[in-house]
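The values are calculated or read from the model by the stated rules, or taken from the named source; none is laboratory data. Model, not experiment: these values are computed from the prediction. Neighbour counts are summed over all protein chains in view; Cβ atoms, including those assigned to glycine, are modelled from backbone coordinates with ideal geometry.
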Amino acid sequence: MWPFLLTLAHSILLVALGIALCQLLCNLATIPKLRRVRFPAGSTPKVSVLIPARNEALNISACVSSLLAQDYPDFSVHVLDDHSSDQTAQLVRNLGLTEANGGLIPGASLPAGWVGKNWACHQLSQIAEGEYLLFTDADTIHQPKALRSLIQIAQQHGASLTSAWPEQITVSPVEKLVVSLLPFSGILFYPHLLFSVLGRWPHWRKKVPEKLRRTLGAANGQVLLFTRACYETVGGHEALRSHLVEDVALGRAVAARMHEGLWLLNCHGAGLIRCRMYRNAAEVWEGFTKNVRAAFESSHLGFWAAGLIQSVLFLMPFGLLFGPKSHSHFPQAELLLIFSMRSLTTFLMGGSWWSVALHPVAYVIALGIGLNSWRRSTGAGVQWKGRMYAVDHACAKSDSKPSETQGRNIF
């Protein structure tokens, strides 16, 4: 009986991994890629580049300098200093931002019920004058043609929100292992093919239920390019003031309203935009602890289901490799599929090859962070940038009215 059950389990695993590989290939084939553009395709609307910054002395100079050097005729760069205790503000002043090309804004005090980044972005949106609003993180670096390319791809696809996924810079060992999983999970689990179909053929948008579109929607806060009309339609950062993962929430808000004419577009930005999210193991642990549980909003089932599915698909085969010898060819085939998917994604989307070689170690760490995120979110709260936030999952939906409890600032 046991050999039969083991063979059945391996067969199911192989089928599931085969489906995952097919989904990966479809997504890789349909995700658009930012490309260097010499001349604008169509109009060159004014763009307001908006950078929230809190204690970003290590990153801000490279970020702002790269944006000021953009090969684009009509843009401004605005940085909001969110009560930094380091040299962030002075470094921005040293770069020569003026009213003509943007400016440095001192952030107002954080109100109750707001997450710090959302409050900073909301303040930036209030002074932005562009037809397009580009929110980008202070740890990003943009090649000179990045802004031109973003506008071109947004206009080409008629996108209301264009989110680019930069090349992730990884230096320390834990960065290489864990951050390099982002391109893999982002390309595998996000339905790029579906949203490509919905974007190209608008009459299909109403055929996919709004709730499903909202659930599947996502975006990357490192690079968010909104049309002003779209940003105002979904309520901007104010509508999700208490959400700890505002980029995912904004993507879902746009996806939910695609039947009204909005279009969410995620694209591959490696080669034109780079980002170093975290600089050491402690930041990796703390940053993802803040994000992982909150990304599932009020869905406890979704959180645990995602963890279970990934554990079974991408970790169990490594344990079964040491099972009965008569079945050893099954886990070998499973591992071949896993390493093929990881290698293909790393080759095309970027990431560290150490994460591929040490795949089970990377996944164990990532799952450990997920469990810690659950523990902190249901307990003391999560911490980021010197602020502690309580988390109330029942109020975490991005399409609900703003909550005064979820993500509230404790200190």
Item to check | Criterion (touching a Cys at 6+ places or on another chain (Cβ under 9 Å), part of a helix (DSSP H, G or I), within 30 Å of Val356 (Cβ to Cβ) and in the same structural domain as Val47 (by TED's automatic domain parsing)) met by exactly one of Leu193, Leu188 | outcome: Leu193
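Quick one: which of Leu6, Leu58, Leu24, Leu34 is over 28 Å from the mean Cα position of the chain (by Cα) and in contact (Cβ under 8 Å) with a residue 40 or more places away in the chain?
So the residue among Leu6, Leu58, Leu24, Leu34 that is over 28 Å from the mean Cα position of the chain (by Cα) and in contact (Cβ under 8 Å) with a residue 40 or more places away in the chain is Leu6.
Yes or no, residue by residue, for (1) farther than 23 Å from Thr346 by Cβ; (2) modelled with pLDDT under 95; (3) in a helix (DSSP H, G or I); (4) among the aromatic types (Phe, Trp, Tyr):
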| residue | (1), (2), (3), (4) |
| --- | --- |
| Ala270 | no, yes, no, no |
| Arg274 | no, no, no, no |
| Arg279 | no, yes, no, no |
| Gly287 | no, yes, yes, no |
| Lys290 | yes, yes, yes, no |
| Gly302 | yes, yes, yes, no |
| Ala306 | no, yes, yes, no |
Next on the checklist: It is to be established whether one or more residues within region 181-194 are touching a His at 6+ places or on another chain (Cβ under 8 Å) and under 21 Å from His157 (Cα atoms).
Outcome noted: no
Checklist entry - Lys290 versus (1) surrounded by 20 or more Cβ atoms within 10 Å (Cβ to Cβ); (2) within 23 Å of Tyr363 (Cα to Cα); (3) touching a Pro at 6+ places or on another chain (Cβ under 8 Å): which is the lone unmet condition? => result (3)
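Residue under question is Gly302, and the condition is that it be exposed (fewer than 15 other Cβ atoms within 10 Å of the Cβ) and over 20 Å from the mean Cα position of the chain (by Cα); does it hold?
No: the conditions fail for Gly302.
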Checklist outcome for this item: In region 195-238, anything of a type in the set (Lys, Arg) and within 14 Å of Val254 (Cβ to Cβ) is listed as Arg205, Arg213, Arg214, Arg228
Item to check | Residue selected from region 249-266 under the condition hydrophobic (A, V, I, L, M, F, W, C) and in a loop (DSSP other than H, G, I, E, B), by the criterion nearest to the chain's Cα centre (by Cα) | outcome: Trp263
Item to check | Contacts under 9 angstrom Cβ, first residue in region 188-210 being farther than 18 Å from Ile31 by Cβ, partner basic (Lys, Arg) and surrounded by 13 or more Cβ atoms within 10 Å (Cβ to Cβ), 6 or more apart | outcome: Arg205/Arg213; Glu210/Arg257
Item to check | Among residues of region 72-124, those that are in contact with a strand residue (DSSP E or B) (Cβ under 7 Å, 6 or more places away or on another chain), outside any loop (DSSP other than H, G, I, E, B) and closer than 27 Å to Gln143 by Cβ, counted | outcome: 19
Checklist entry - Only one of Asn101, Asn55, Asn59 is within 30 Å of Arg387 (Cα to Cα), surrounded by fewer than 19 Cβ atoms within 10 Å (Cβ to Cβ) and in the same structural domain as Thr140 (by TED's automatic domain parsing); which? => result Asn55
Checklist outcome for this item: Reported set for region 206-248 where residues are at negative phi, outside any helix (DSSP H, G or I) and surrounded by fewer than 17 Cβ atoms within 10 Å (Cβ to Cβ) is Pro209
Item to check | Criterion: assigned by TED's automatic domain parsing to the domain that holds Pro317 and loosely packed, with under 15 Cβ neighbours inside 10 Å - qualifying residue of Ser85, Ser11 | outcome: Ser11
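Look through Arg342, Arg375 and report the one residue that is of a type in the set (Lys, Arg), part of a helix (DSSP H, G or I) and farther than 15 Å from Ala20 by Cα. I'd like the intermediate steps shown before the answer.
On the way: Arg342 fails: farther than 15 Å from Ala20 by Cα.
It is Arg375.
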Next on the checklist: Can you tell me how many residues within region 26-67 are part of a helix (DSSP H, G or I) and modelled with pLDDT under 95?
Outcome noted: 5
Checklist outcome for this item: Scanning region 350-392 residue by residue, those over 29 Å from His10 (Cβ atoms), buried (at least 22 other Cβ atoms within 10 Å of the Cβ) and hydrophobic (A, V, I, L, M, F, W, C) turn out to be Val382, Val391
